[in-house]
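Chemist: Okay, handing you the structure first.
The values are calculated or read from the model by the stated rules, or taken from the named source; none is laboratory data. Being a predicted model, the structure only gives us computed values, none of them experimental. Note that we place each Cβ from the backbone using ideal geometry, even for glycine, and neighbour counts take in every protein chain shown.
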């Protein structure tokens, strides 16, 4: 991998790492806010006076889904570019089902026996069989 690509990848990883921790902090803050609102409601409910609704309880419904979202974003900051290395290795390997039995008369490259033309130079492999 070239140096500019590595720098760009480091920048993306840093961005996802910071975003993941910010989302996690927001999730924890929302859960705490919703919990404090609910506890305040319960203490008023158990008391002798008027009861007020828990006005920030909706933060629970924002905080809990943010936890897996932040985990996914943090996971994205830790991944490695293994797909590109695997793809490069797959390009270099010949498929095991191809049988290279015919040799090109022009460039001497191996070709599958069912090819009519050379896969490297394009010459006709069965020129002798033409009428």
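Chemist: Hey, among the residues in region 45-94 that are loosely packed, with under 11 Cβ neighbours inside 10 Å and within 20 Å of residue 5 (Cα to Cα), which one's modelled with the highest pLDDT?
Modeler: It comes out as 78.
Chemist: Test each condition in (1) surrounded by 13 or more Cβ atoms within 10 Å (Cβ to Cβ); (2) more than 30 Å from residue 21 (Cβ to Cβ); (3) at pLDDT 60 or above for residue 100 and report the one that comes out false.
Modeler: (3)
Chemist: Could you please let me know if residue 123 is at pLDDT below 85 and over 30 Å from residue 2 (Cα atoms)?
Modeler: Numbers: at pLDDT below 85: no; over 30 Å from residue 2 (Cα atoms): yes.
Against the criterion (at pLDDT below 85 and over 30 Å from residue 2 (Cα atoms)), residue 123 does not qualify.
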